[in-house]
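For reference, the structure discussed in these notes is given below.
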Amino acid sequence: MEWANQLCENRQFGSKMTDSKYFTTTKKGEIFELKAELNSDKKEKKKEAVKKVIASMTVGKDVSALFPDVVNCMQTDNLELKKLVYLYLMNYAKSQPDMAIMAVNTFVKDCEDPNPLIRALAVRTMGCIRVDKITEYLCEPLRKCLKDEDPYVRKTAAVCVAKLHDINAQLVEDQGFLDTLKDLISDSNPMVVANAVAALSEIAESHPNSNLLDLNPQSINKLLTALNECTEWGQIFILDCLANYTPRDDRESQSICERVTPRLSHANSAVVLSAVKVLMKFMEMLPKDLDYYGTLLKKLAPPLVTLLSAEPELQYVALRNINLIVQKRPEILKHEMKVFFVKYNDPIYVKLEKLDIMIRLASQANIAQVLAELKEYATEVDVDFVRKAVRAIGRCAIKVEQSAERCVSTLLDLIQTKVNYVVQEAIVVIKDIFRKYPNKYESVIATLCENLDSLDEPEARAAMIWIVGEYAERIDNADELLESFLEGFHDESTQVQLQLLTAIVKLFLKKPTETQELVQQVLSLATQDSDNPDLRDRGYIYWRLLSTDPVAAKEVVLAEKPLISEETDLIEPTLLEELICHIGTLASVYHKPPSAFVEGSRGVMHKRLPARTESGEGTECPDVGNAAGGSAPEAAPSIIPSQGDLLGDLLNLDLAPPTTTGPTPSTSGMQMGGMDLLGGGLDSLLGGDIGGSPAMGAGFGAAPAVMPASLNAPVGGGLGDLFDLGGGVGMPMGAYIPPKTVWLPAMKAKGLEISGTFARRAGVIQMELVLTNKAMSVMTDFAIQFNRNSFGLAPAGPLQVLTPLGPNQTIEVSLPLSTVGPVMKMDPLNNLQVAVKNNIDVFYFSCQYPISMLFVEDGKMERQVFLATWKDIPNDNESQFQIQDCHLNSEAASNKLQGSNIFTIAKRTVEGQDMLYMSIKLSNGIWVLAELKVQAGNPNYTISLKCRAPEVSQCVFQCYEAVLKN
Amino acid sequence: MINSLFLINPSGEIFLEKHWKSVVSRSVCDYFLEAKEKALEPEDVPPVIHTPHHYLISIYRDKLFFLSVIQTEVPPLFVIEFLHRVAEMIQDYFGECSETVVKDHMVMVYELLEEMLDNGFPLATESNVLKEMIRPPTILRSVVNTLTGTSNVGDTFPTGQLSTIPWRRAGVRYTNNEAYFDVVEEIDAILDQSGTTVFAEIQGVVEACVKLSGMPDLTLSFMNPRLLDDVSFHPCVRYKLWESERVLSFIPPDGNFTLMTYHVNAQNLVAIPVYVKQSISFFECGSDGRLDVTVGPKQTMGKTVEGVMVTVHLPKTILSINLTATQGSYTYDNGTKLLVWDIGKLNPQKLPNLRGSLSLQAGAPKPEENPSLNIDLNIQQLAISGLKVNRLDMFGEKYKPFKGVKYITKAGKFQVRT
């Protein structure tokens, strides 16, 4: 019967004997038949039967019912049969744990086999059977195999430790396998070393704080030796491990670099990129005037270029990494512009990445070439790519001043094509060009106005309206143009409505006589007929301004706008440093720190680039801007970064109190669409509610007024300070981030579920949202708004949900927040009311944020000031709390708190009791002083808080509790 | 490390799954299939996809998707390199990489995958090590195996896996000892309308076929090694000697392998072997256009250009075309709007020309985009960069091997804009 079947098969496939014969038995009694064959006496029949079982398994059929019969075939001398049975076991042992025990004896026996191949196979397979009962039996054989005389067995056993750790971490620690594994790093065989490193790295990922890979000069030497002799994959593991090491000085750094450089010529691109990571990191320690430094820079370019001729998927990952490298060290690739030119048949994801890098590399020297290319791309087929190319032309104009004129004329040429989406993109970028070079290219306005009717995207409409309003005095029929928009006012998107309101007010202030009617019309539309709070608020403000003091109105509305900066989407320097340390990883592909997205690695240590040994604070700061753009980055005071769609020209300038002479906090520059109207201006009125914040300011001289400016000034040196504060008490821990909670259940929001938390990262407050679409339809057009709140929290940018959210999709967004929004006291103080809009509806919810995220980085008070202030604050304002069940010693507590910007200023020990004095500064300038009493052996702490605004004490106490207990 | 592998055919059907750690439900592929639906072409599916609990890293190769699932931070290049290795392994074992072949050898592919990774860590990826453990199928062997019951799985110890030269097994014996090297260069170039080079570079590769007995130690030297901008070597090449003396010194793997790849991107060194005169124009009114393409030899170093082929993606609004070729023949697929003109050998005396009219769909506007021309060609016995092998020496063995070097130049991504 069996033979007949097969003969049939053979005829079908000609004389080819293939595995597809295993799929032919589709009769009902398939399992039954297989069972019979498995129990056959004939060896060959048995093997064929097991093969059939495996074949069914590989395509996802359930053949677990045959478990006992297959396991029975395990006792055999035939290696192939044995391997096949093992394959089966690994797949099904978990579903049949009791049966799997039957196999244990054979495993244990095989681990003693004279043939190392069998020993290794047994230990390897045992590790793959993820059944607790079996792992217990695994320990003894594994211990033996880790010390086996044969390196092949040792290397297999090393991996097995990682497997076992994945199943039962505690067991691995208790059995001391980790130490044995660490010893294997010094093994004589390079393959064993590589596997030990790989296993340890994997284990370390789930144990962020354990000191598993304790690297010292000796072990580094071992690794470097093994690096030359192990397989390509082993090289990747070793290089990634090396990258975690911090050399003692620049000489050690150089010697490691020298030994790693040959890896740049490896055929395996992953090896190359891991080597690039090590070099990029260790280079940081080399003095820049060293000859070797220059040599190394030169050596980095060719391998990076070569990566771009590999398969498209490899190119993509390489390009994402090159994007980082170009930002950190533009000099490496500055002459290689041409390799980033887009090829017609590149996949779209490669095209978009290349475009991004082209703009980053654009400079006066190569701008002509770049523009010619971009113009070429603007006539391609793919709409997304064309749009990005048009935007890129605008970015070039802003980045390379000399090219601005050529860019504008290129854009005008493109507008002449009348291709709808090209025209709209062009208008959006021309608006940005106007903001960078005011009063220079207004001659093109006439051409733009011709295309008014074809604009149907909100962003383009808003940009056009902005242009008309801003240059109303030069456009004869500005009133007619704006009036034409006004007809469909209620059908416009908010962005357009806000812009239209502002533009008409501008027009009125410039040509008051003819436009009175128009302005009244728009004000009443905005205030009376609209239910959008932003629009209404802005409308009222204008109304009042215009009616009370037209001169002031003119000063406010027609104020000179700050210039936008040339580099728009640069990665923030701290993040960039961290990402450079993660070159070649997923983090580098997503441009997010690993802690932000890799599951199970919560609390991963943030990696930083090592500091140069010769006092190199200044040089550490990346000099991206001036290498390419040629304009001094120090010009920061008058320049705010432009968001791609920044329309918030509105009142950004007059937000800051007029007395402030320091730079505008860059957070306010990130404001969107003028939602911050009520910000600083009203602060002084409403701030009183919270309790004496203006008085506080006075109490400490001018300090609070000036300090916020340095809040997130992106200077490398400043950052160093931040980490130094601990006074050398080891690694500072990250700020406490509460776990995500569900804020808006899907039931209440037509299928949209929102959960989230708040975090403070590198001085920026982030609202971290997880949006899940539990509805059946796609959700788009997300936007977010906050109600006024106690500390003026407001989104510092739009909610970045770029792609539509499909059913059952989840997206994680992190929204930077500023603290210059409108202020209103809430109850409880840290309550935040949020509105989220999508294409379906608007939803409201409220959540509470830990006040600790408002604690700023410069909250360390001088000792004297602290003393004086403590006395100065009346005792009535003091509140005492108990923190129970906390088992940290005072030093650990202090370190932990510092991660959340609670700074210990002094420590005193009185009768075995540690008194810690701490200061905290809130983003609105309120200082909180604290005294923490810690008694050794007593898990209950006493904390006294003193503050001029005692309302905050309760919240601050909650933070202490949260930080210390997590 | 790598958790699972799924092989998916272009219609989205999963036909093989392999898990190296715990089993990941195949429903995880839905995220990928969704991205695949969104992409216009299968090539456009993004290689790294983020799902709530996993990362999906995929490659598209030989009309198949190789999709790996990972759960922890793993270097994506590592995964992509490995996936390409899997595809190469299938190609190597079964002569081609396709769904049919994998389905025909399902169990063997599964056994191979098991040998390639352990717990997601690469175990044996070198072809010669794998072949020692699992013998590749031959028609004869599979018939014999079925009749006699012997197995495909070797029970000898894979010696290569542990030696410091894992790429070569011991005890290789040949009656004819031969070593052949092919220097293959591909020109990647973008030419603009006027024929000016916007960008050009050469990707070179030295493919070797070495069938030598024992443990030969080879040294290959070039006449002009400084030509090369960047080189990547097979692990067998001793890097130090390249750095100091610019020679390739190595103990070769047995059989076919890629000895090195290199890169020449100094523009002035890149000769462009053909020129293309073209015009594709559409009349402002009416629904007609014209196409006129001529190809001629340029810097060919006296060699004949062969296998010339011009591919054009015509605009979507084209209804039909009516062209005449003076040499070769053209095919046009109205579904994909792909025009392929197969010219063959280029004759400098009589330049091939393709011309005729294009008609647009009634009422369609003049197409906005400019179609690009992609050129294929090859030139035998020429490395266009001018790279020349100087000599090959063998140490360590007594016999005299037969040696040979072949040069060939091809067009890589060779594109002419209109």
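Under the rule a/c < 1.5 gives rounded, and otherwise a/b versus b/c splits prolate from oblate, where does region B:274-367 land using the Cα gyration tensor?
On the way: a/c = 2.83, a/b = 2.21, b/c = 1.28.
Since a/c reaches 1.5 and a/b is larger than b/c, the shape of region B:274-367 is classed as prolate.
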Task: Cut-off under 5 Å, modelled amide H: who pairs with A:Arg130 long-range - done: A:Lys94
Open item on the list: Can you tell me which lysines have their Cα less than 16 Å from the Cα of A:Lys554? Leave out same-chain residues fewer than eight positions away.
Closed with: A:Lys506, A:Lys510, A:Lys511
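How many Å² of accessible surface get buried when B and A come together, counting both sides, probe radius 1.4 Å, rounded to the nearest 100? Working shown, then result.
On the way: alone 21430 and 42870 Å², together 55250 Å².
Approximately 9100 Å², summed over both chains.
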Open item on the list: Can you work out the Karplus-derived ³J(HN,Hα) for every residue in region A:118-133? Use 6.51 cos²θ - 1.76 cosθ + 1.60 with θ = phi - 60°, whole Hz, and x for glycine or proline.
Closed with: 5, 4, 5, 4, 5, 5, 5, 5, 4, x, 8, 8, 8, 10, 3, 4
Task: Ratio Rg/Rh [Cα only; Rh per Kirkwood] for the protein assembly as shown - done: 0.98
TODO: Compute the Cα gyration tensor for region B:316-418, then decide on rounded, prolate or oblate, letting a ≥ b ≥ c be the square roots of its eigenvalues: rounded whenever a/c is under 1.5, prolate when a/b is larger than b/c in the other cases, and oblate in all that remain.
DONE: prolate
Open item on the list: Within region B:381-418, name every residue whose backbone N is under 20 Å away from a label modeled 7 Å from Cα of B:Tyr180 along the Cβ vector.
Closed with: B:381-384, B:388-394, B:400-410
Open item on the list: Which lysines, if any, have their Cα less than 28 Å from the Cα of A:Lys288, not counting same-chain residues under 8 positions apart?
Closed with: A:Lys277, A:Lys298, A:Lys299, A:Lys328, A:Lys334, A:Lys338, A:Lys399, A:Lys607, B:Lys240
- [ ] Apply 1/(1 + (r/R0)^6) to the Cβ-Cβ distance of A:Glu878 and A:Asp113, taking R0 = 56 Å, and write down the FRET efficiency to the nearest 0.05.
- [x] 0.15
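Which value, in debye to the nearest 20, describes the size of the charge dipole of region A:157-218 about its Cα centre when Lys and Arg Cβ atoms bear +1, Asp and Glu Cβ atoms bear -1, and nothing else is charged? Please report the intermediate quantities before stating the final value.
On the way: 2 positive and 9 negative charges, 24 e Å.
For this selection, approximately 120 debye.
What trypsin sites (Lys or Arg not before Pro) in region B:267-367 are in a loop by DSSP, with at most 16 other Cβ atoms within 10 Å of the Cβ?
B:Lys298, B:Lys303, B:Lys316, B:Lys337, B:Lys345, B:Lys350
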TODO: Report Rg (one decimal) and Dmax (nearest whole number) for region B:161-282, counting Cα atoms only, units Å.
DONE: 19.2, 68
TODO: Would you compute, for the Cα atoms of region A:303-461, the largest minus smallest coordinate along each principal axis and list the three values in descending order, in whole Å?
DONE: 49, 30, 23
- [ ] With r as the distance between the Cβ atoms of A:Asp491 and A:Gln369 and R0 = 51 Å, compute the FRET efficiency 1/(1 + (r/R0)^6) and round to 0.05.
- [x] 0.70
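Within the accessible area of region A:785-934, what % is carbon and sulfur when the probe is 1.4 Å and the other protein chains stay in place? Each step should come with its number before you reach the end.
Working: 2800 of 6200 Å².
Answer for region A:785-934 is 45 percent, counting heavy atoms of protein chains only.
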Open item on the list: Do any residues of region B:42-78 show a loss of at least 50 square angstrom of accessible area between the isolated chain and the full protein assembly, using a 1.4 Å probe, and if so which?
Closed with: B:Asp44, B:Pro47, B:Val48, B:His50, B:Tyr55, B:Glu73, B:Pro75, B:Pro76, B:Leu77, B:Phe78
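Would you list B:His54, B:His263 from the most to the least accessible area, probe 1.4 Å?
Working: B:His54 30, B:His263 0 Å².
The ordering from most to least exposed comes out as B:His54, B:His263.
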Task: Built amide H within the under 5 Å cut-off of B:Ile343, gap 5+ - done: B:Val308, B:Met309, B:Val310
Task: Karplus (6.51, -1.76, 1.60) ³J(HN,Hα), θ = phi - 60°, over region A:105-113, in Hz, Gly and Pro reported as x - done: 4, 4, 4, 4, 5, 5, 5, 9, 4
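Compute the FRET efficiency between A:Leu215 and A:Leu570 as 1/(1 + (r/R0)^6), taking r as their Cβ-Cβ distance and R0 = 30 Å, and round to the nearest 0.05.
Numbers: r = 32 Å, r/R0 = 1.07.
Computed FRET efficiency for A:Leu215 and A:Leu570: 0.40.
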- [ ] Extending each Cα 7 Å along its Cβ direction at A:Lys182 and A:Ala936, get the distance between those two points in nm, one decimal.
- [x] 2.7 nm
TODO: Determine the gain in length on full extension of the stretch B:Glu243-B:Lys63; use 0.36 nm per residue of separation and subtract their C-alpha separation, reporting nm with one decimal.
DONE: 60.8 nm
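Share of chain B's accessible area from carbon and sulfur, percent, 1.4 Å? Write down the numbers at each step before the final one.
Details: 8670 of 16900 Å².
Here it works out to 51 percent.
Quick check on my link table: of A:Lys921/A:Lys965; A:Lys47/A:Lys109; A:Lys592/A:Lys748, which ones sit more than 24 Å apart, alpha carbon to alpha carbon?
A:Lys592/A:Lys748
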Task: Inter-chain Cβ neighbour average for residues B:111-117, partner chain, 10 Å - done: 3
Open item on the list: Buried by at least 30 Å² relative to the chain on its own: which residues of region A:376-391 qualify, computing accessible area with a 1.4 Å probe on protein heavy atoms?
Closed with: A:Glu376, A:Thr379, A:Val381
Task: Reach of A:Lys750 by Cα under 13 Å, taken over aspartates and glutamates that are not fewer than 8 positions away in the same chain - done: A:Asp841
Open item on the list: Restricting the calculation to Cα positions, tell me the Rg (one decimal) and the Dmax (whole number) of region A:828-919 in Å.
Closed with: 18.7, 64
TODO: Can you send over the solvent-accessible area of A:Arg788, 1.4 Å probe, protein chains only, in Å² to the nearest 10?
DONE: 80 Å²
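Rounded to the nearest 5, what % of the DSSP beta bridges within the protein assembly as shown are antiparallel ones?
Values: 170 of 187 bridges.
If we restrict to bridges inside the protein assembly as shown, about 90 percent are antiparallel.
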- [ ] Sort region B:204-264 into rounded, prolate or oblate with this rule: let a ≥ b ≥ c be the square roots of the eigenvalues of the Cα gyration tensor; rounded if a/c is under 1.5, and if a/c is not under 1.5, prolate when a/b is larger than b/c, oblate otherwise.
- [x] prolate
TODO: Taking H placed 1.01 Å from N in the peptide plane, check which residues at least 5 places from A:Val820 or on another chain put their amide H under 5 Å from its amide H.
DONE: A:Ala794
TODO: Evaluate the charge dipole of the protein assembly as shown about its Cα centre and quote only its size in Debye, nearest 20, assuming +1 on the Cβ of each Lys and Arg and -1 on the Cβ of each Asp and Glu.
DONE: 3200 debye
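Listed here are the pairs A:Lys388/B:Lys36; B:Lys36/B:Lys337; B:Lys298/B:Lys345; A:Lys35/B:Lys18; A:Lys896/A:Lys933; B:Lys337/B:Lys410; which of them are more than 18 Å apart at the Cα?
Working: A:Lys388/B:Lys36 22 Å; B:Lys36/B:Lys337 22 Å; B:Lys298/B:Lys345 14 Å; A:Lys35/B:Lys18 24 Å; A:Lys896/A:Lys933 15 Å; B:Lys337/B:Lys410 25 Å.
Flagged as over cut-off: A:Lys388/B:Lys36; B:Lys36/B:Lys337; A:Lys35/B:Lys18; B:Lys337/B:Lys410.
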Task: Probe 1.4 Å, protein heavy atoms only - accessible area per residue of region A:858-966 in square angstrom - done: 43 Å²
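Of the listed peptides A:219-227, A:884-892, A:841-849, A:952-960, what is their order by residue-averaged count of other C-beta atoms within 10 Å, with the highest listed first?
Values: A:219-227: 19.0, A:884-892: 13.8, A:841-849: 15.6, A:952-960: 21.7.
Ranked from most to least packed, the peptides come out as A:952-960, A:219-227, A:841-849, A:884-892.
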TODO: May I ask you to evaluate 6.51 cos²θ - 1.76 cosθ + 1.60, the Karplus curve with θ = phi - 60°, for each residue of region B:370-385 and list the ³J(HN,Hα) values in order in whole Hz, giving x for glycine and proline?
DONE: 9, x, 9, 9, 9, 10, 10, 6, 8, 10, 7, 6, 8, 9, 5, 6
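The values are calculated or read from the model by the stated rules, or taken from the named source; none is laboratory data. All figures in this text were calculated on a predicted structure; none of them were measured in a lab. Positions of Cβ are backbone-derived with ideal geometry, glycine not excepted, and every protein chain shown enters the neighbour counts. For accessibility, only protein heavy atoms count, side chains too; no ligands or nucleic acids. Shrake-Rupley method; radii C 1.70, N 1.55, O 1.52, S 1.80 Å.
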